[in-house]
Each structure stands twice: as C-alpha cells, then as structure tokens.
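Participant: First, the structure itself, so that you have it in front of you.
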C-alpha cells in the first residue's frame, strides 16, 4: 500500500492537492482474450493516465464473479478474478510456450484453466519459485484454504451452489471435509496457485503504477453473494435459517434507477455474531483490499447505518424495511485494525441525516454525480456549487448511462436546467460540447478528486455503458480499443486536468 504522511490527509485546508482519475474496469481493457487482463495493456493504460496528468485509476470489484460476470456478485470476498491473469506474463516466465498461446487464441471459449494447469505443473518443477508461493499461502490461509476447498467442491458437484450440495458438505461436517481435503488436494493446490499468480501480477502492476504516481482505487460490494466461500464457511455470520437458507435478502427500495427497487438477493449480516469477535471478518476483508488498493470505495455505504431487508419470497424490492446496522462500531474496528486505510463512501440513493453523520464522523469523502444535478431544485446536493471539498465527483458511474447518452435522453425541462446552469456558470450557449462540458464541470468543482469514466473521455453513447441497474443481461461486457482514443481527446483531457489544478505532484490520502 502507498503510505501517505499525515499532512496529506484530506481535511478542510485549501492547500491540499486536487486529483483527477479515470474509471475503467480491468475487464474493459483491450487484450487478445475475451476480457481485459493484467498484461501489457494494463501497463499501457497506466502510461496513458500519467500522460494526461491523472493520478488515480478506479476499477470495479476485482473478485471472482459468477457466470453472469457481475463484479458485485462474487464467489469470494478475497479471491481475485482468474480471467484477469495475463497468460503472456506466464509465457515470459517460461511457464507457457508460444504453441500454448497460439492454441488459446484459437479456442473460442478462451478458457484459461487448461493453460493455468500447465503453468502450475511447470511451476512445481522449479524449486527456486516455491518459497514465495508457500509464503503467500501462509499469509492468506485465513480465507484461501476455505476458498480452495469451496471451489474444488463446486467443481465436484457440477458447479452447483453450496446449498445444493449433499448435507455433510453443505453443513461442513468435519470428518467429511477432512476427507475431501485429502481427495481434492491436487485441484486445491492449483486453485491456490492461480490466486498466487493473480496477486503477484496485481501487486507488480500496482508497483509500476506507483512509479508513475498513479494510485489504485478499488471498490467492494457491501454485501457478499449467498453462493460464496464466506457464507458457506461461516454461515453463523449471516441471517440464515436452520436449513442455511436466506430468510431476508438485500437490495434497495424504489429510486432513481428502478421503479420497483433493486432486489440484489444477497444475505444480510448477522451483526451480533460479527460484533462478538470485534468484526474480525470485516477487518480481514478490508485488509485484503488495503493490500490491493490505495483507496477503497465502500459500495452502498448507507447500508452500514441501516440496510433494506426484503423477505426472501418477494420478487421485487418494494416490500422491504430498513434495519439498523452498527456502522460506528464497524468503522471504528476497521480504523483500529487498519489506521492507514483510505476509504470513500458511496452515499448515493436514500441518504438520511444518520448516514451523513456516520460518514462525517470518520471524515470519509462522499460521492457526487453530475448527471443527478439538474432536477431544477436549487438545493440539489449534486449541483457543482454545492459540492464540498471532501468529495469524489463523477460525471457518471458504471451504473449510469454514458454522459453523451445521458444528454441525448434528457427530458426537455432537465435539458433546459442543464443549459441554464452552463450559461450562468461557464458562459456556454445552448449548443454545449458534450460530454466535454460535463467533464470540465466535474474537474472544475471543489471536490478533491474528480473521476471521469473512460467512455466519457472517448465520447461514447448509450450502447457503450457498463451496466443498467435492474437488468440481468447485456451488462459488464464493455471494452475499449486504443484506436478509439484520438490524440485530440488525450490533449483535451490533459489540458482540462492541468487547467483545474488536478495534475498532482504526489499521491494524496483521501480520508
């Protein structure tokens, strides 16, 4: 983790350096495979950030997803996504051959598992490489051992969820699991090796970013997936019934994104059980993120004050209720365990005075989305002149339309509100240059950190958005190509970052 002096902690002092960053998930990078990875294009993207004066790269969660590829519904709160592993880097280590790579490129499935198995076999033959692997397994044993067994058992049971496994496996009968560890020792070792490769490649990329004065900004879902290693391994920490089934599920009530709310389907935490050991599960989770990132966004931060609980048999999120959560005690435990952790609160949606008080108590920056600003109410908190310095401002996030798409779909009144604001604050007439004018507005704001989605830098429309909340298909697949990025676009964003004083000389601690 990048260590920052106390003088760089984000406070109300006006001499603290302002920063700019870009939002782009790893999967959206160009690569020779079906998703982006930690290979040469990731390094090239860091070079691009340095070239334009940006000092922050924000991603979505990088954990291992289910088949729908949503980074917010993952098989583990710790394990990295193996799809992000660079096979080319393994080839450079001599663990794969040119023929291996050629065969992979001609395989329509782009399944990396066979080549990871081959790389592991060669890795095991090289004694000088073993010590770092042994150290990794020991350091991460608190989650890695259960995860490796969980994934091996999923394969044994045809990728079915753990709640569908035979009772002895589902309920973690000690003798049954001990026998399984012996029988599945080989696939478990390969699973651990895959995580070792992911963490190694990630930390190498992070170290390179540091040489370019670029910080990594990560994201964690507040909840974990029901079908995950954590819920299977520690079911007492979640609200489950005697048969290990969910009685209530997580989501949010109707809001800007959906008239019926969002029924995420995650289990809720059993907070008394978590409090009993000082929130050790959470502090361990955050320690992993603290190793991988310089800044961590807590998605749906308001759920740490109160969370929307929906009866498990409800099809939508409408009929739920807010249930209090121990946010103060939890954040105090995290800060005590990880005093240098750098957190950002995703405080969008229905935010109460209590949620604001929780965020302010720990001096966490909140999020401001300019696409939400032009409703016509003067007290709209997303209007640029209302944005406080201790904030992260966005044109839009991964859940929003691209800015160009947003502008094209604005209703007549909201469009006029936007035009009027541009005229009064920036002297722009009724023919704005979109998305550049909204980008300029974000960068010119008081927020210490401004994040611009890569789609907006590329001036892309609605067909290139990353996610549409409340939908179950067509999401998480967007990728860009270097051919889309023109010299003019690079120059324009660089000039805007420099003009607004955001080309930071050194990394800044945000909390």
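Participant: What's the Kirkwood radius of segment 110-213 in Å, using all Cα pairs?
Facilitator: Values: mean 1/r = 0.0650 Å⁻¹.
Kirkwood hydrodynamic radius for segment 110-213: 15.4 Å.
Participant: Where does the chain land at 222 nm, in deg cm²/dmol rounded to the nearest 500, when only DSSP H runs of n ≥ 4 count, each adding -39500 (n - 2.57), divided by all residues?
Facilitator: Calculated at 222 nm, the ellipticity per residue is -11500 deg cm²/dmol.
Participant: Then there's this: In Å³ and rounded to a whole number, note down the convex hull volume per residue for the Cα atoms of segment 47-173.
Facilitator: On the way: hull volume 23.2 nm³, N = 127.
Per-residue hull volume (Cα only) is 183 Å³.
Participant: Where the convex hull is taken over the Cα atoms of segment 167-240, what is its projected area averaged over directions, in nm²? Let's see the in-between values first.
Facilitator: Details: hull surface 27.6 nm².
Average of the hull's projected areas for segment 167-240 equals 6.9 nm².
Participant: Here's another thing I want to ask about it. Any idea how far apart residue 67 and residue 491 come out in nm if each label point goes 7 Å out from Cα toward Cβ?
Facilitator: My value for the distance between the label points is 5.0 nm.
Participant: Note down the relative contact order for segment 281-334 as a percent, whole number, built from C-alpha pairs under 8 angstrom at least six residues apart. Present the calculation step by step, with values, prior to reporting the outcome.
Facilitator: On the way: 40 pairs, mean separation 19.3, N = 54.
Over segment 281-334, the number comes to 36 percent.
Participant: Taking 0.36 nm per residue of separation and subtracting the Cα-Cα distance, what length does fully extending residue 236 through residue 360 add? Spell out each step's value before the answer.
Facilitator: On the way: separation 124, 0.36 × 124 = 44.64 nm, distance 3.12 nm.
Separation in residues times 0.36 nm, less the Cα-Cα distance, equals 41.5 nm.
Participant: Turning to a different aspect of this structure: Could you grab the Rg to Rh ratio for segment 175-334? Cα atoms only, Kirkwood for Rh. Don't jump to the answer; show the numbers that get you there.
Facilitator: Details: Rg = 18.5 Å, Rh = 18.1 Å.
A ratio of 1.02.
Participant: Please work out the C-alpha center-to-center distance from segment 188-234 to segment 418-478 and express it in whole Å.
Facilitator: Taking the Cα centre of each part, segment 188-234 and segment 418-478 sit 29 Å apart.
Participant: Rg/Rh for segment 279-356 to two decimals, with Rh computed the Kirkwood way over all alpha-carbon pairs. Before the final figure, lay out the partial values.
Facilitator: Working: Rg = 14.2 Å, Rh = 13.8 Å.
Dividing the radius of gyration by the Kirkwood radius yields 1.03.
Participant: If you don't mind, there's one more thing I want to ask. Could you calculate the FRET efficiency of residue 117 with residue 410 from 1/(1 + (r/R0)^6), where r is the beta carbon distance between them and R0 is 56 Å, rounded to 0.05? The partial results should precede the final answer.
Facilitator: Numbers: r = 51 Å, r/R0 = 0.91.
Once rounded, the FRET efficiency stands at 0.65.
Participant: Measuring from centroid to centroid over Cα atoms, what is the spacing of segment 95-146 and segment 379-409 in Å?
Facilitator: Result: 42 Å between the Cα centres.
Participant: Right, next: Can you sort 499, 494 so the residue with the fewest Cβ neighbours within 10 Å comes first?
Facilitator: Working: 499 12, 494 16.
Listed from fewest to most nearby Cβ atoms, that is 499, 494.
Participant: Given Cα pairs under 8 Å that are at least 6 residues apart, what percent is the relative contact order of segment 165-306?
Facilitator: Working: 124 pairs, mean separation 38.1, N = 142.
That works out to 27 percent.
Participant: OK, next. Ordered by packing density, taken as the mean number of other Cβ atoms within 10 Å over each peptide's residues, highest first, how do 262-275, 132-145 rank? Walk me through the numbers before you get to the answer.
Facilitator: Details: 262-275: 18.9, 132-145: 15.1.
Result, highest mean first: 262-275, 132-145.
Participant: Sorted by average packing, counted as other Cβ atoms within 10 angstrom per residue and highest first, what order do 388-398, 181-191 take?
Facilitator: Working: 388-398: 23.1, 181-191: 16.1.
Peptide ranking by packing, descending: 388-398, 181-191.
Participant: Can you check what the Kirkwood hydrodynamic radius comes to for the chain, Cα pairs only, in Å to one decimal? Don't jump to the answer; show the numbers that get you there.
Facilitator: Values: mean 1/r = 0.0417 Å⁻¹.
Value: 24.0 Å, from the Cα pair sum.
Participant: Please order 129, 343 by the number of other Cβ within 10 Å, starting at the fewest.
Facilitator: In increasing order of surrounding Cβ atoms, one gets 129, 343.
Participant: Follow-up question, since we're still on this one. Over the chain, what is the relative contact order in percent, taking alpha-carbon pairs closer than 8 angstrom and at least six residues apart?
Facilitator: Working: 866 pairs, mean separation 105.3, N = 511.
RCO, the chain: 21 percent.
Participant: A follow-up question, please. Two decimals is fine: what's Rg over Rh for segment 231-293, C-alpha atoms, Kirkwood radius as Rh? Please report the intermediate quantities before stating the final value.
Facilitator: Details: Rg = 14.6 Å, Rh = 13.6 Å.
Across segment 231-293, the Cα-based Rg/Rh ratio is 1.07.
Participant: In degrees, nearest 10, range 0 to 90: what is the angle between the Cα axis of helix 141-156 and the longest Cα principal axis of the chain?
Facilitator: Taking Cα atoms only, the helix is inclined about 70 degrees.
Participant: Over segment 349-498, what lengths in whole Å, largest first, do the semi-axes of the equivalent ellipsoid take, defined as the square roots of 5 times the eigenvalues of the alpha-carbon gyration tensor?
Facilitator: Details: eigenvalues 115, 78, 58 Å².
Each semi-axis is √(5λ); the values are 24, 20, 17 Å.
Laboratory data are not the source of any read-out in this text; all were calculated from the coordinates shown. What you are looking at is a predicted structure, and each value in this text was computed from that prediction instead of being measured. FYI the Cβ positions are ideal-geometry reconstructions off the backbone, even for glycines, and counts take in every protein chain you see.
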